[in-house]
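Undergrad: Structure provided below as structure tokens; questions to follow.
What follows draws every value from the coordinates through simple rules; no lab data is involved. If you're wondering where the values come from, they're calculated on a predicted model, not measured in any experiment. All Cβ positions, glycine included, derive from the backbone under ideal geometry; neighbour counts span all protein chains shown.
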Amino acid sequence: MKTLEWENNKLKLIDQRKLPDELEYVYCSNYQEVIAAIKNMTVRGAPAIGVSAAFGMALADIGGVDLNKAADEIKAARPTAKNLFWAVDRVLDSENPLHESLKIYDEDMKINRAIGKYGREIIDDGDTILTHCNAGALACVDYGTALGVIRAANDEGKNINVICDETRPRGQGARLSVWEMQQENIPVKLICDVASGYLMSQGMIDKVVIGADRVAKGGIVNKIGSFMVALAAKRFDIPFYVAAPYSTFDMDININDTVIEERDPDEVIHYGSCRICPKGTEVINPAFDIVPNDLITGIITEKGIIDPL
Ligand code: MRU
């Protein structure tokens, strides 16, 4: 199963807003529909956003749209994941937008398997691994980065238990990562975001592996809550790994200069369709946070495991 596919000159996306209850697809036949799908999180996760953005450029080209204009609009869809900007620029600089998008698509699948191959070395038989958000197949074309490491270790016969943070407010851990692990028959348990420190204090977590939306000088950016998980892991000497392809790397900036997306207050005010706070409550809803290098054990890339930049 692929998170996204190019089919009959359309971009076919799993509608991730409907998972885990319904497996439905959305078809984008022009670049504006791709922008909408990225904004409303039909497709999400840094690599999947990047590949979708590349196909958005291909659709703009097919539709005879000025590619510089399309590039600017697509880049404005979400601000944080480096992959979006990387993919749009790569297609813009190419001779043939569709050909380049298909190349980016193919590369994503190979890169994730390479990350898995290197990453599985840090996993021991019997490990319980905590992950935050969804850095799985659903965040990429398939396989995943952080969950790809877990898949690869599982495939070589290691017994692994996975703990997923629920990942408020959008529930990517609960809805998507738990679902993916269940599909693979990898033992998985769900915890509230606030529970990970306690589990670590009780010796119930051996390693943390998460993805990233941007890797830069001084640290990484990932889903809100990653920083607190990293702090707790440091307190209990638990290895904290980040799995990310080089398309997520931004060598030019300091990590503190990353634009952190602020999302709709409604995501926090409501739990599903139920309002959980008084009417009129003011909200702060950053979608990502920064994990500084001193809390990171290593970054698992498609070329090997490296020290933080
Ligand atoms: O807001 P999202 O769901 O796009 O955020 C996704 C994450 O934070 C992932 O952990 C990150 O993109 C890595 S995906 C391989």
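Undergrad: Just to verify a result, which residue in the range 27-53, among those that are aliphatic (A, V, I, L, M) and within 11 Å of the ligand (Cβ to nearest atom), is nearest to Glu107 (Cα to Cα)?
TA: Ala48
Undergrad: Sticking with this structure for a sec: List, please: which pairs have Cβ atoms under 8 Å, are six or more places apart or on different chains, and start with a residue in the range 265-284 that is touching a residue at least 60 places away in the same chain (Cβ under 8 Å) and end with one that is among the polar types (S, T, N, Q)?
TA: What qualifies is Glu267/Asn285; Val268/Asn285.
Undergrad: Continuing with this model, one more query. Determine if the range 102-122 includes at least one residue that is touching a helix residue (DSSP H, G or I) at 6+ places or on another chain (Cβ under 6 Å) and part of a loop (DSSP other than H, G, I, E, B).
TA: Scanning the range 102-122 turns up no residue that is touching a helix residue (DSSP H, G or I) at 6+ places or on another chain (Cβ under 6 Å) and part of a loop (DSSP other than H, G, I, E, B).
Undergrad: For the range 154-163, state whether one or more residues are under 15 Å from the mean Cα position of the chain (by Cα) and either part of a loop (DSSP other than H, G, I, E, B) or not polar (S, T, N, Q) (or both).
TA: Looking only at the range 154-163, we keep the residues that are under 15 Å from the mean Cα position of the chain (by Cα), and these are none.
No, the range 154-163 has no match at all.
Undergrad: Identify the single condition in (1) among the hydrophobic types (A, V, I, L, M, F, W, C); (2) closer than 25 Å to Val215 by Cβ; (3) in a helix (DSSP H, G or I) that Ala58 does not satisfy, given that it satisfies every other one.
TA: With respect to (1) among the hydrophobic types (A, V, I, L, M, F, W, C); (2) closer than 25 Å to Val215 by Cβ; (3) in a helix (DSSP H, G or I), Ala58 is out only on (2).
Undergrad: On the basis of being more than 16 Å from the ligand (Cβ to nearest atom) and of a type in the set (Ser, Thr, Tyr), does Ser201 make the cut?
TA: On the way: more than 16 Å from the ligand (Cβ to nearest atom): yes; of a type in the set (Ser, Thr, Tyr): yes.
Yes: the conditions hold for Ser201.
Undergrad: Does Leu92 satisfy the criteria of being without any contact (Cβ under 8 Å) to a residue 60 or more places away in the chain and within 16 Å of the ligand (Cβ to nearest atom)?
TA: Numbers: without any contact (Cβ under 8 Å) to a residue 60 or more places away in the chain: yes; within 16 Å of the ligand (Cβ to nearest atom): no.
When the stated conditions are applied, Leu92 does not pass them.
Undergrad: Output the residues belonging to the range 270-286 that are of a type outside the set (S, T, N, Q) and touching a Pro at 6+ places or on another chain (Cβ under 9 Å).
TA: Going through the range 270-286, the residues of a type outside the set (S, T, N, Q) turn out to be 270-272, 274-280, 282-284, 286.
Within the range 270-286, His270, Tyr271, Glu282, Val283, Ile284 meet the criteria.
Undergrad: Of Ile49, Ile38, which residue is free of Cβ contacts under 8 Å to residues at least 40 places away in the same chain, under 22 Å from Tyr143 (Cβ atoms) and under 16 Å from the mean Cα position of the chain (by Cα)? Let's see the steps before the verdict.
TA: Working: Ile38 fails: free of Cβ contacts under 8 Å to residues at least 40 places away in the same chain.
Being free of Cβ contacts under 8 Å to residues at least 40 places away in the same chain, under 22 Å from Tyr143 (Cβ atoms) and under 16 Å from the mean Cα position of the chain (by Cα) holds for just one of Ile49, Ile38, which is Ile49.
Undergrad: Still on this model: Just for the range 61-74: of the residues that are in a helix (DSSP H, G or I) and of a type outside the set (A, V, I, L, M, F, W, C), which one is nearest to the ligand (Cβ to nearest atom)?
TA: Here is the first cut: in the range 61-74, the residues in a helix (DSSP H, G or I) are 61-62, 67-74.
Checking the rest, the ones that are also of a type outside the set (A, V, I, L, M, F, W, C) come to 61, 68-69, 72-73.
Numbers: Asp61: 25, Asn68: 26, Lys69: 25, Asp72: 21, Glu73: 19 Å.
This residue is Glu73.
Undergrad: Condition first: buried (at least 22 other Cβ atoms within 10 Å of the Cβ) and β-branched (Val, Ile, Thr). Can you find one or more residues in the range 19-34 that meet it? Steps first, please.
TA: First, the residues of the range 19-34 that are buried (at least 22 other Cβ atoms within 10 Å of the Cβ): 28, 31, 34.
Retained after the next criterion (residues that are β-branched (Val, Ile, Thr)): 34.
Yes - at least one qualifying residue is present in the range 19-34.
Undergrad: What number of residues within the range 257-271 are under 11 Å from Pro169 (Cβ atoms) and either within 16 Å of the ligand (Cβ to nearest atom) or not in a helix (DSSP H, G or I) (or both)?
TA: Within the range 257-271, the subset under 11 Å from Pro169 (Cβ atoms) is 263-271.
Still in the running and either within 16 Å of the ligand (Cβ to nearest atom) or not in a helix (DSSP H, G or I) (or both): 263-268, 270-271.
Count: 8.
Undergrad: If you don't mind, another one. Right, Ile220: surrounded by 23 or more Cβ atoms within 10 Å (Cβ to Cβ), over 20 Å from the mean Cα position of the chain (by Cα) and either more than 20 Å from Thr3 (Cα to Cα) or in contact (Cβ under 8 Å) with a residue 60 or more places away in the chain (or both) or not?
TA: No.
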